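The values are calculated or read from the model by the stated rules, or taken from the named source; none is laboratory data. Worth saying up front: this structure is predicted, and the values here are computed from it rather than measured. Because the Cβ atoms are built from the backbone with ideal geometry, glycine has one as well, and the counts that use them run over all protein chains shown. Note: areas computed on protein heavy atoms with side chains; ligands, DNA, RNA excluded. Shrake-Rupley method; radii C 1.70, N 1.55, O 1.52, S 1.80 Å.
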Amino acid sequence: MLHLRLRTIVSTAATVTIASAAVVLAVVAATTVGTNVSTTGTLSVTGATTLSADIYSTDGALFNVASTTAFQVENGSGTDVFKVDTTNGGVVITGNATTTVYHHVGSGGTVSYLNYAGGDLYVQDAAEIDGALYLTGAATLSADIYSTDGALFNVASTTAFQVENGSGSDIFLVDTTNGGVKVTGAATSTVYLWVGAGGTADNLAYAGGELYVQNDAEIDGALYVTGATTIAADLYSTDGALFNVASTTALEVQNGSGVSVFKVNTSIPGVTVTGSATLTGDIYSTDGALFNVASTTAFQVENGSSVDVFKVDTSAASAGGGTTMTGNATSTGNYTIGDGNSTATSTLEIGDADTAACLKLRDADADAWVYCYVDGTSLVCSANDQCQK
């Protein structure tokens, strides 16, 4: 039932005909009604209707017309505040739109997360916001989200930005409280990844998947490097280092000017030391050792107090080249002086300006010692120990 009450003047463009049965009230000419009108049937108005007071309906209202202004509410100055366009199927709200329950935009759709209480908004299709969007609660997106001008998340939180895998496990997490980013899954960058808020990249071109770390880096697993590695500071290892490669420069240490000081050749196994080498522990070789250098100290063994005990001089023989043994020299095998393939004179020098020369020899039966020394130009041998005189 439509019960329409006009409390004041109703001006119409038709004549009021009231049927005795009060079934139909038709307005077909200009009429002014100065009191209430009540009908239990139908009120038909074919012209404009001006109301100077409130209008009430106890059974809804139907405006069945195709028009861009099917229903309008103005502000008293001719400006639309609310307008229903049934031609294009839309509603325009010029002022504030407030709902204490919910607002449903669209003629269909399925509401999955709202309970239609407390000011909910549902948009069936796309939504465009030309201004800012502020969210104080959680935002759940079931489809992609796009931005043509970046995104700002200005909040101090250990979970300021999270990307999960659909099962509640973090894949990407931004912690703005402690200032960090955590990647649980694989992290792929086609350009570069910069770790840190500052720093200076001296060797990167910011292309091809590069990584810059401003401060320290800790790797609990293995680190594989297939290109050249440049280290501008010290390198430490608490568990050794393995260089598993066949190369003439498997490991190389230079002096800062491109000159090798220490080089390991794994193609033809060997180590080349260009500068001084100091060892605090033992050194072993299973395939000999070659010291190929012309020097008065080509090879030296000292006693811990910087006093030579054994020294090899590889300089020219005319300059005094040879081997010097300061302490005792013991050999359990043969000791050969000279080269069988050379006619050069071989010299064995025993003693010096302050120390006499003496030979301690085992006799032919190998059951006694014989001591020999030089007296003048004669070699004197005796069973008596003459080496102490």
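Label Ser147 and Val273 with points 7 Å out from Cα along Cα→Cβ: what is the distance between them in nm?
Here the answer is 6.0 nm between the modelled labels.
Considering every pair of different Cα atoms, what Kirkwood radius, in Å, is found for the chain?
35.3
Tell me, what ³J(HN,Hα) does each residue in the stretch 39-55 have, in order and in whole Hz, if you take phi through Karplus 6.51 cos²θ - 1.76 cosθ + 1.60 with θ = phi - 60° and put x for Gly and Pro?
9, 9, x, 10, 10, 10, 10, 9, x, 6, 10, 10, 10, 9, 9, 5, 10
Using a 10 angstrom cutoff on alpha carbons, build the Gaussian network for the chain and name the most mobile of Tyr373, Tyr236, Tyr206.
Taking springs between Cα atoms under 10 Å, the residue moving most is Tyr373.
To the nearest 20 debye, what is the magnitude of the charge dipole of the chain about its Cα centre, counting +1 on the Cβ of each Lys and Arg and -1 on the Cβ of each Asp and Glu?
1940
If each of Ser57 and Ile129 carries a label point 7 Å out from its Cα toward its Cβ, how far apart are those two points in nm?
Reported label-point gap for Ser57 and Ile129 is 3.4 nm.
Give, as ranges by residue number, the residues of the stretch 205-222 whose backbone N falls under 13 Å from the point 7 Å along Cα→Cβ of Ser247.
No residue qualifies, since no backbone N sits under 13 Å from the label point.
Using Cα pairs closer than 8 Å and at least 6 residues apart in sequence, work out the relative contact order for the stretch 179-326, in percent.
Relative contact order of the stretch 179-326: 9 percent.
Putting +1 on Lys and Arg Cβ atoms and -1 on Asp and Glu Cβ atoms, find which of Ala197, Gly60, Ile350 reaches farthest to the positive end of the dipole of the chain.
Of the options given, the answer is Gly60.
If each of Thr68 and Asn178 carries a label point 7 Å out from its Cα toward its Cβ, how far apart are those two points in nm?
6.0
Hey, can you find the accessible area per residue of the chain for me, probe 1.4 Å, expressed in square angstrom?
81
Could you calculate the FRET efficiency of Thr158 with Tyr236 from 1/(1 + (r/R0)^6), where r is the beta carbon distance between them and R0 is 45 Å, rounded to 0.05?
For Thr158 and Tyr236, the calculated efficiency is 0.90.
Straight distance only, please: which aspartates and glutamates reach the Cα of Lys360 with their own Cα at less than 20 Å, same-chain residues fewer than 8 apart left out?
Glu349, Asp352, Asp375, Asp385
Carbon-plus-sulfur fraction of the accessible area of the stretch 75-230, 1.4 Å probe, in percent?
Solvent-exposed carbon and sulfur of the stretch 75-230 make up 51 percent of the total.
Name the residue farthest towards the positive end of the dipole of the chain from the options Ala143, Gly208, Ala222, assuming +1 on Cβ of Lys and Arg, -1 on Cβ of Asp and Glu, about the Cα centre.
Ala143
Can you give the log10 of the normalised intensity I(q)/I(0) at q = 0.08, 0.10, 0.16, 0.20 Å⁻¹, computed with Debye over equal Cα scatterers of the stretch 162-320?
-0.47, -0.66, -1.17, -1.54
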